[in-house]
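Structure first, commentary second.
The values are calculated or read from the model by the stated rules, or taken from the named source; none is laboratory data. Quantities reported herein were computed from a predicted structural model and do not represent experimental measurements. Positions of Cβ are generated from backbone atoms using ideal geometry, with glycine treated the same way; all protein chains shown enter the neighbour counts.
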RNA sequence: GCCGGUGUGUUGAAAUUGGUAGACGAGGUGGAUUCAAAAUCCAUUGCCAGCGAUGGCGUGCGGGUUCGAGUCCCGCCACCGGCACCA
């Protein structure tokens, strides 16, 4: 019989599904293992070959865990709210809900076709009102705990999506989704106070088993820096608070800079205190018109304008210094104002050179500060021209001056973060409605929890509007409501939640997906939390991964989630690139469709190839040819089964190779080195072909192979009569690894002379060093290099080699 | 600029963490089978010299440590990714 994957695979998929072999058990007393992959966005294009890489990897890991006796939760769902669906709906005049249903159906079919061991009874769909009821519920809790607030501020606005974006969604000044330019727009938005969790998001990273690059990227994004706030006095009487990481350089502050949006500037302009008001207002306008992109591109050349008529007083020496306005100072970081120390900060130095400000050295130890700023922040710098700080090094001076500022009531130690609050409103239709109502009398009021879910109404047009209003705002019947507080007329919030809302807690819902009393039961949460192993894309590191850690910490604080952190372990896969090494895209025409590969070679071959393609963490280039190699391997396994002897005993000749392979595959799965695990199985099959193969040998091989290629393993397992029931998952344990079986009686050692390979010798495995050296010296090839020489030293590396050091006699 | 990663045959990549570089796969070449092709099987395949046994060279570049370096140390180069006027 030929290996007929086309009939084998659907057969087993149907049987597995019917018998629910991959269902996780709630209320079990077995140890649990929760393996998670990022749920897909069900796009219209269907699955592409990028999806199966992380899915197959976790499928292998969880199948192995099942064999090790764990009660495994390996769920899947759909992150289905979002712009592409909405845009497709607009173009084709179909309801987004209909588009979503169709796409989910297609995705489900494709995922099942690949034989993943998902628990299909636990599928979640973020657009299902039974699900987003709880997304809205979490929002209400955030609001009640003061972590959701509405604020008017300059926000990122995507000119093409016609929608605001979170900081995390702006990449190099353009929209991460569509690549259109992002401009600043003043808008009233719902915000989530993720900044309140900045320190904990940073600290708790320490104890997590996340790959290092994820930790580093999150740390950078949170961007903690320590320093001090210092209060300067304006000549007009107001306090100007600045943030600095170098309070030690306070004596060198020769001017100040405010961001163009700073509130004091507006006040001074209104009070007519600025002599050059026209020039200042011009500058403010110019700065506001710049997009993020321009602002960073123009970073080479500093711009600014001096405020004439107003100055600042340096509190440490009472000197009056000029104040400038410049957009190199950001309104959204620190206090939006800085003290400028051109001698010891490159940006200040550059600005000072252009605007002719004084440069005063206060830290010695560098080159001439008139030529370049000296920025070392360690003991190499010693304070000068700094009154009571003179003679201290920088490390000593920072606490000294901070203490002095605190004594004088002029400042205090301060920590700042780059992380900003999360802009949470979107002016689009296909998202969760925000359950808030605005009343003229009572202000913003939360909807009662009993009124959830607040359903997304049907609208005639989903088109986004140029005025920045959500399509929902046109639905007057829906918008007009009554105030939950006073009962008077009120209006609903018409913006919706961002794409990231539903995915911020979905892993909790999987634990108890049909619960209508709570987002999940306490028992389920306690049993399954935390996620033991979460694999996902690096592109989510400062988006979904950070947001969901934040939500989870909040849920922990209010007693819903039982653990501080949602995920114990995080790994990440590399991208699959098209042939030619470029990113797969429709326009390049290099997209590989998993459907085609399954049709031609079968799901098992696709799974195997995608794991064999290279290092799991590294990007890999697709090769149609190399897929064949994996198909050939499965053909060989199939033929082995037809040719194997009836003995259930494992053959002596294969014992060592087999047991080495058992260990190698188990270790490699744990380390995500799937490529070398497969290589080891390929080598083993070569051995079995050469030495002959018994049923016992094949039985062990099939167990090792089953997480990778479950269909063929199951088929052969049954064909050989190893069990009547189905499902490796349920009953088959991982084979015992017996180290003694890998030991050979005779071993071959490499022989080096002076570090160069010259030959090899076979000796008994337990031979002592003298015997080994004697055998090596007796070898004919070796003697050519040692005859007439004196043996100075010999090094024996057990089981590997012997190195003979010789010199002329 | 800062942070992280990578650099090995024709090619995707391995290398027990300092111990025989190139496992395993693809591709190539030669052969078997076939009317022929596909599929399959066998042999061979880092580079240079040699008919050959064999010898020399070889992990981005230059140094170093070591009996021994792809692996460790110092100094560079190239490419990829993230952050970026964050005071």
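Listed residues A:33, A:39; which is surrounded by fewer than 24 Cβ atoms within 10 Å (Cβ to Cβ), closer than 30 Å to residue A:100 by Cα and at pLDDT 95 or above? Break it down into steps so the answer makes sense when it comes.
Working: A:33 fails: closer than 30 Å to residue A:100 by Cα.
Testing whether each residue is surrounded by fewer than 24 Cβ atoms within 10 Å (Cβ to Cβ), closer than 30 Å to residue A:100 by Cα and at pLDDT 95 or above leaves just A:39.
I'd like to verify a number: residues in region A:141-166 that are part of a helix (DSSP H, G or I) and either at pLDDT below 85 or surrounded by fewer than 20 Cβ atoms within 10 Å (Cβ to Cβ) (or both), how many? Full working, then the answer.
So the first thing to find is which residues in region A:141-166 are part of a helix (DSSP H, G or I), and the list is A:141-144.
Those left that are additionally either at pLDDT below 85 or surrounded by fewer than 20 Cβ atoms within 10 Å (Cβ to Cβ) (or both): A:141, A:144.
Number satisfying all stated conditions: 2.
Name the residue, out of A:687, A:746, A:770, A:739, that is within 27 Å of residue A:801 (Cβ to Cβ) and in contact with a strand residue (DSSP E or B) (Cβ under 8 Å, 6 or more places away or on another chain).
Details: A:687 fails: in contact with a strand residue (DSSP E or B) (Cβ under 8 Å, 6 or more places away or on another chain); A:770 fails: in contact with a strand residue (DSSP E or B) (Cβ under 8 Å, 6 or more places away or on another chain); A:739 fails: in contact with a strand residue (DSSP E or B) (Cβ under 8 Å, 6 or more places away or on another chain).
Checking each option against the conditions leaves just A:746.
Among the residues of region A:30-42, are any over 30 Å from residue A:430 (Cβ atoms) and part of a loop (DSSP other than H, G, I, E, B)?
Scanning region A:30-42 turns up at least one residue that is over 30 Å from residue A:430 (Cβ atoms) and part of a loop (DSSP other than H, G, I, E, B).
Quick check: is even one residue across region A:344-356 more than 45 Å from the chain's Cα centre (by Cα) and surrounded by fewer than 19 Cβ atoms within 10 Å (Cβ to Cβ)? Quick ask: steps written out before the conclusion?
Going through region A:344-356, the residues more than 45 Å from the chain's Cα centre (by Cα) turn out to be A:356.
This time we only want the ones that are surrounded by fewer than 19 Cβ atoms within 10 Å (Cβ to Cβ), so: A:356.
Yes: one or more hits.
Which of (1) touching a residue at least 40 places away in the same chain (Cβ under 8 Å); (2) within 13 Å of RNA strand B (Cβ to nearest atom); (3) within 19 Å of residue A:301 (Cα to Cα) does residue A:357 not meet, given it meets every other one?
(2)
Would you check which residues across region A:738-757 are within 6 Å of RNA strand B (Cβ to nearest atom) and over 48 Å from the mean Cα position of the chain (by Cα) and list them?
Once the filter is applied, which keeps residues that are within 6 Å of RNA strand B (Cβ to nearest atom) and over 48 Å from the mean Cα position of the chain (by Cα), region A:738-757 yields only A:754.
Here are some residues: A:698, A:658, A:704, A:684. Which one is touching a residue at least 60 places away in the same chain (Cβ under 8 Å) and either more than 8 Å from RNA strand B (Cβ to nearest atom) or in contact with a helix residue (DSSP H, G or I) (Cβ under 6 Å, 6 or more places away or on another chain) (or both)? Full working, then the answer.
On the way: A:698 fails: touching a residue at least 60 places away in the same chain (Cβ under 8 Å); A:704 fails: touching a residue at least 60 places away in the same chain (Cβ under 8 Å); A:684 fails: touching a residue at least 60 places away in the same chain (Cβ under 8 Å).
After ruling out the rest, the residue left standing is A:658.
Taking the conditions exactly as written (surrounded by fewer than 18 Cβ atoms within 10 Å (Cβ to Cβ), within 11 Å of RNA strand B (Cβ to nearest atom) and at negative phi), does residue A:621 satisfy them or not? Steps first, please.
Details: surrounded by fewer than 18 Cβ atoms within 10 Å (Cβ to Cβ): yes; within 11 Å of RNA strand B (Cβ to nearest atom): yes; at negative phi: yes.
Judged against the criteria, residue A:621 is a match.
Inspect region A:595-614 for any residue being more than 10 Å from RNA strand B (Cβ to nearest atom), in contact with a strand residue (DSSP E or B) (Cβ under 6 Å, 6 or more places away or on another chain) and not in a helix (DSSP H, G or I) and give the result as yes or no.
No, there is no match, as no residue in region A:595-614 is more than 10 Å from RNA strand B (Cβ to nearest atom), in contact with a strand residue (DSSP E or B) (Cβ under 6 Å, 6 or more places away or on another chain) and not in a helix (DSSP H, G or I).
Just for region A:767-778: of the residues that are buried (at least 16 other Cβ atoms within 10 Å of the Cβ) and in contact (Cβ under 8 Å) with a residue 24 or more places away in the chain, which one is farthest from RNA strand B (Cβ to nearest atom)?
First, pick out the residues of region A:767-778 that are buried (at least 16 other Cβ atoms within 10 Å of the Cβ): A:767, A:772-773, A:775-777.
Next cut, in contact (Cβ under 8 Å) with a residue 24 or more places away in the chain only: A:772-773, A:776-777.
Values: A:772: 13, A:773: 13, A:776: 13, A:777: 16 Å.
Top of the filtered list is A:777.
Quick one: which of A:233, A:266, A:224, A:246 is more than 9 Å from RNA strand B (Cβ to nearest atom) and in contact (Cβ under 8 Å) with a residue 24 or more places away in the chain? Reasoning before the result, please.
Numbers: A:266 fails: in contact (Cβ under 8 Å) with a residue 24 or more places away in the chain; A:224 fails: more than 9 Å from RNA strand B (Cβ to nearest atom); A:246 fails: more than 9 Å from RNA strand B (Cβ to nearest atom).
Sole residue among the options that is more than 9 Å from RNA strand B (Cβ to nearest atom) and in contact (Cβ under 8 Å) with a residue 24 or more places away in the chain: A:233.
Would region A:569-580 turn up any residue that is farther than 25 Å from residue A:112 by Cα and at pLDDT below 90?
Yes, region A:569-580 has at least one match.
Is it the case that some residue within region A:632-641 is modelled with pLDDT under 90 and away from RNA strand B (no atom under 11 Å from the Cβ)?
Within region A:632-641 (the criterion being modelled with pLDDT under 90 and away from RNA strand B (no atom under 11 Å from the Cβ)), the answer is yes, since at least one residue qualifies.
Could you list, in sequence order, all residues of region A:104-116 that are crowded, with 20+ Cβ neighbours inside 10 Å and in contact with a strand residue (DSSP E or B) (Cβ under 8 Å, 6 or more places away or on another chain)?
Hit for region A:104-116 is A:107, nothing else.
Which of the residues that make up region A:457-486 are surrounded by 11 or more Cβ atoms within 10 Å (Cβ to Cβ) and over 19 Å from residue A:426 (Cα atoms)?
A:480, A:481, A:482, A:483, A:484, A:485, A:486
Here are some conditions: (1) buried (at least 16 other Cβ atoms within 10 Å of the Cβ); (2) within 13 Å of RNA strand B (Cβ to nearest atom). Residue A:575 meets all but one. Which one does it not meet?
Answer for residue A:575: the failing condition is (1).
From the list A:281, A:270, A:238, A:261, which residue is over 19 Å from residue A:184 (Cα atoms) and touching a helix residue (DSSP H, G or I) at 6+ places or on another chain (Cβ under 8 Å)?
Values: A:281 fails: over 19 Å from residue A:184 (Cα atoms); A:270 fails: touching a helix residue (DSSP H, G or I) at 6+ places or on another chain (Cβ under 8 Å); A:261 fails: over 19 Å from residue A:184 (Cα atoms).
Unique residue meeting the criteria: A:238.
Inside region A:216-262, counting only strands (runs of 3 or more DSSP E) that do not spill past its ends, which hold 1 or more residues that are over 24 Å from residue A:356 (Cβ atoms)? Quick ask: steps written out before the conclusion?
Working: elements: A:225-234, A:239-244, A:255-258.
By residue number, A:225-234, A:239-244.
Please work out which residue is nearest to the chain's Cα centre (by Cα), limiting yourself to region A:786-806 and to residues that are over 19 Å from residue A:762 (Cα atoms), surrounded by 12 or more Cβ atoms within 10 Å (Cβ to Cβ) and within 11 Å of RNA strand B (Cβ to nearest atom). Steps first, answer last, please.
Step one: list which residues in region A:786-806 are over 19 Å from residue A:762 (Cα atoms), which gives A:787-793, A:805-806.
With the extra rule that they be surrounded by 12 or more Cβ atoms within 10 Å (Cβ to Cβ), the set shrinks to A:789, A:791, A:805-806.
Next, from what is left, pick out any that are within 11 Å of RNA strand B (Cβ to nearest atom): A:805-806.
Working: A:805: 52, A:806: 55 Å.
Among residues in region A:786-806 that are over 19 Å from residue A:762 (Cα atoms), surrounded by 12 or more Cβ atoms within 10 Å (Cβ to Cβ) and within 11 Å of RNA strand B (Cβ to nearest atom), the one nearest to the chain's Cα centre (by Cα) is A:805.
Identify, from the list A:62, A:85, A:100, the residue that is within 25 Å of residue A:613 (Cα to Cα) and part of a helix (DSSP H, G or I).
Values: A:85 fails: within 25 Å of residue A:613 (Cα to Cα); A:100 fails: within 25 Å of residue A:613 (Cα to Cα).
Among A:62, A:85, A:100, only A:62 is within 25 Å of residue A:613 (Cα to Cα) and part of a helix (DSSP H, G or I).
Looking at (1) within 26 Å of the chain's Cα centre (by Cα); (2) surrounded by fewer than 20 Cβ atoms within 10 Å (Cβ to Cβ); (3) at pLDDT 90 or above; (4) more than 11 Å from RNA strand B (Cβ to nearest atom), which one does residue A:190 not meet, given that it meets all the others?
Only one criterion is unmet by residue A:190, namely (2).
Given the conditions (1) more than 40 Å from the chain's Cα centre (by Cα); (2) surrounded by fewer than 20 Cβ atoms within 10 Å (Cβ to Cβ); (3) without any contact (Cβ under 8 Å) to a residue 60 or more places away in the chain, and given that residue A:274 satisfies all but one, which numbered condition is not satisfied?
Against the list (1) more than 40 Å from the chain's Cα centre (by Cα); (2) surrounded by fewer than 20 Cβ atoms within 10 Å (Cβ to Cβ); (3) without any contact (Cβ under 8 Å) to a residue 60 or more places away in the chain, residue A:274 comes up short only on (2).
Free of Cβ contacts under 8 Å to residues at least 24 places away in the same chain, surrounded by 14 or more Cβ atoms within 10 Å (Cβ to Cβ) and either within 16 Å of RNA strand B (Cβ to nearest atom) or within 35 Å of the chain's Cα centre (by Cα) (or both): is that true of residue A:783 in this structure? Before the answer, list the steps.
Numbers: free of Cβ contacts under 8 Å to residues at least 24 places away in the same chain: yes; surrounded by 14 or more Cβ atoms within 10 Å (Cβ to Cβ): yes; either within 16 Å of RNA strand B (Cβ to nearest atom) or within 35 Å of the chain's Cα centre (by Cα) (or both): yes.
When the stated conditions are applied, residue A:783 passes them.
Take region A:305-340 and flag every residue that is farther than 19 Å from residue A:412 by Cα and within 14 Å of RNA strand B (Cβ to nearest atom).
Within region A:305-340, A:305, A:324, A:325, A:326, A:327, A:328, A:329, A:330, A:331, A:332 meet the criteria.
Where in region A:387-480 are there strands (runs of 3 or more DSSP E), lying wholly inside it, with at least 3 residues that are within 26 Å of residue A:195 (Cβ to Cβ) and touching a helix residue (DSSP H, G or I) at 6+ places or on another chain (Cβ under 8 Å)? Talk me through it step by step, then tell me what you get.
Values: elements: A:411-416, A:436-439, A:443-446.
Hits in region A:387-480: A:411-416.
How many of the residues in region A:584-618 are over 21 Å from residue A:116 (Cβ atoms) and surrounded by 22 or more Cβ atoms within 10 Å (Cβ to Cβ)?
0
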